[in-house]
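Visitor: Let me give you the structure first, and then I'll get to my questions.
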Amino acid sequence: MYLTAYEPWNLISQWQNALGPEQTEPRVHRDSLGERATWHPACDIQDLADRFVLYADIPGVASDDIEVTADKGVLTISGKRGRVDEDADQQGRVERAHGDFSRRFTLPDSVETDAIEASYNDGVLKVTLPKQAEVQPKRIKIN
């Protein structure tokens, strides 16, 4: 026996795909804080001894169109990827996501937010989040 994911809206999605890209608008998603996005980049997170490293796949986006912010314990990666329309009349199918994107991550208290660094190379955003040195218990001498 095979298990199949329950997708109650599958028939509607098939119908929208059959209409073609000129008949449908990109789907708009909202995250937990109400941020509007039409797609979400895939991300990997590494937990190393002295830092966290986050990798986000954002191909086809210039580094000037990506914004990385850390505010009130939340790391946000956002931006916009435009649609490539060399000849819109000849296009038969659109599968690559375009429009606004956003991802949010709750930061642990151990992250040193003032030292966060980001770099972008070959469509991959790398965000390095250094960890603070652990506070060692102080032994207090009793007089």
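Visitor: Across the stretch 63-78, what is the number of residues that are free of Cβ contacts under 8 Å to residues at least 24 places away in the same chain and assigned to a strand (DSSP E or B)?
Guide: Step one: of the stretch 63-78, the residues free of Cβ contacts under 8 Å to residues at least 24 places away in the same chain are 64-65, 67, 69, 71-72.
Cutting the leftovers down to assigned to a strand (DSSP E or B) gives us 67, 69, 71.
Number of matching residues: 3.
Visitor: If a residue must be crowded, with 17+ Cβ neighbours inside 10 Å and outside any strand (DSSP E or B), how many such residues does the stretch 39-62 contain?
Guide: Final tally of qualifying residues: 3.
Visitor: Additional query: Cβ-Cβ distance below 6 Å, separation of 6 or more or different chains: which pairs start in the stretch 118-143 with a residue that is within 30 Å of C43 (Cα to Cα) and end on one that is exposed (fewer than 10 other Cβ atoms within 10 Å of the Cβ)?
Guide: Correct list of pairs: K131/D50.
Visitor: I would also like to ask the following. When the residues of the stretch 119-137 are narrowed to those that are within 28 Å of the chain's Cα centre (by Cα) and part of a loop (DSSP other than H, G, I, E, B), which ends up surrounded by the fewest Cβ atoms within 10 Å (Cβ to Cβ)?
Guide: To start, the set of residues in the stretch 119-137 that are within 28 Å of the chain's Cα centre (by Cα) comprises 119-133.
Retained after the next criterion (residues that are part of a loop (DSSP other than H, G, I, E, B)): 122-123, 132-133.
Numbers: D122: 5, G123: 12, Q132: 13, A133: 9.
Per the stated criteria, the residue is D122.
Visitor: Of the residues D71, D85, D114, D64, only one is charged (D, E, K, R), within 20 Å of A42 (Cα to Cα) and modelled with pLDDT under 95; which? Full working, then the answer.
Guide: Working: D71 fails: within 20 Å of A42 (Cα to Cα); D85 fails: within 20 Å of A42 (Cα to Cα); D114 fails: within 20 Å of A42 (Cα to Cα).
The unique qualifying residue is D64.
Visitor: Next question, about the same structure. Of all residues in the stretch 92-113 being loosely packed, with under 12 Cβ neighbours inside 10 Å and more than 20 Å from P130 (Cβ to Cβ), which is farthest from the chain's Cα centre (by Cα)?
Guide: G92
The values are calculated or read from the model by the stated rules, or taken from the named source; none is laboratory data. These figures come from a predicted structure and were not determined experimentally. For neighbour counting, all protein chains shown are included, and Cβ atoms are generated from backbone atoms with ideal geometry for every residue, glycine included.
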